[in-house]
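**Student:** Once you've had a glance at the structure underneath, I'll fire off some questions.
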Amino acid sequence: MWFSMSRDGLLPGWFAKLHPVRRVPSRVTWIVGVGSALIAGFLPIREAAELTNIGILLAFVVVCVAVIVLRYRRPDAPRTFRLPGMPVVPALGAAFSLWLITYLAPETWLRFAVWFVLGAIVYALYGYRRSALARRRG
């Protein structure tokens, strides 16, 4: 995700550089790997797992809602997959994910909020003007 965001201009392009021989995003891989190792090494496993859970579950909620919205707002857009039970299946996915999130500790919500605010600041100060979408618009 970090690689894709930097390739789209939401983060500095330095992160999107590929290894010259292997053609993989080795910079981002190393940074995320070392960061994950530090988090796993210094945080109790329960806290690290809860941070992972809230991030993944909220991302899944966003995807489920986006599927529903895009199916109705852009019905003629090309689809690379079929979705039987639309909109019930993605709505249930979002609802159950939100339900699972309610069981996470309040400290997890606070940590998530801090990371979310930091991400919003980076986007506001860097990514908003440099995004590929902003460059296409003018």
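**Student:** Would you work out what percent of the accessible area of the stretch 26-96, with all protein chains in place, is carbon or sulfur (probe 1.4 Å)?
**Tutor:** Heavy-atom surface of the stretch 26-96 belonging to carbon and sulfur, 1.4 Å probe: 72 percent.
**Student:** For the chain, with a Gaussian network of springs between Cα atoms less than 10 Å apart, report the residue from T80, T108, T52 with the top mean-square fluctuation.
**Tutor:** Ranking T80, T108, T52 by mean-square fluctuation puts T80 first.
**Student:** Still on this structure: Starting from 0.36 nm per residue, how many nanometres of slack lie between R137 and M1 once their C-alpha separation is accounted for?
**Tutor:** Contour length minus Cα-Cα distance gives 46.7 nm.
**Student:** Ok, one more. Can you find, among S97, V21, V62, the residue farthest towards the positive end of the dipole of the chain? Put +1 on the C-beta of Lys and Arg, -1 on that of Asp and Glu.
**Tutor:** V21
**Student:** Further, regarding this structure: Over what distance in Å are the Cα centres of the stretch 68-94 and the stretch 22-66 separated?
**Tutor:** 27
**Student:** Beta carbons within 10 angstrom, averaged per residue: use that to sort the peptides 110-118, 53-61, highest first.
**Tutor:** In descending order of packing, they fall as 53-61, 110-118.
**Student:** Here is a further query. Heavy-atom accessible area per residue, the chain, 1.4 Å probe: how many Å²?
**Tutor:** Result: 76 Å² per residue.
**Student:** Turning to a different aspect of this structure: Going by average Cβ neighbours within 10 Å, how do the peptides 69-79, 20-30 rank, with the highest at the top?
**Tutor:** Highest-to-lowest ranking by the protection proxy: 20-30, 69-79.
**Student:** Residues with beta-carbon under 12 Å from that of S6, excluding S6: net charge, scoring Lys, Arg +1 and Asp, Glu -1?
**Tutor:** Taking every other residue near S6 into account, the sum is +3.
**Student:** List the residue ranges in the chain for DSSP H helices whose C-alpha atoms run 27 angstrom or more along the long axis and whose Kyte-Doolittle average is 0.5 or above.
**Tutor:** Counting only whole DSSP H runs, the qualifying helices are 45-73.
**Student:** Also: Counting Lys and Arg as +1 and Asp and Glu as -1, each charge on the Cβ, what is the dipole of the stretch 1-58 about the Cα centre in debye, to the nearest 20?
**Tutor:** With Lys and Arg at +1 and Asp and Glu at -1, about 360 debye.
**Student:** Could you check the simple spin-label distance between A91 and R129, using points 7 Å along Cα→Cβ, in nm with one decimal?
**Tutor:** A separation of 4.3 nm, rounded to one decimal place.
The values are calculated or read from the model by the stated rules, or taken from the named source; none is laboratory data. Nothing here was measured: the structure is a model prediction, and the numbers come from that model. Glycine also receives a Cβ, built like all others from the backbone with ideal geometry; neighbour counts cover every protein chain displayed. Side chains included, ligands, DNA and RNA excluded: accessible areas come from the protein's heavy atoms. Shrake-Rupley method; radii C 1.70, N 1.55, O 1.52, S 1.80 Å.
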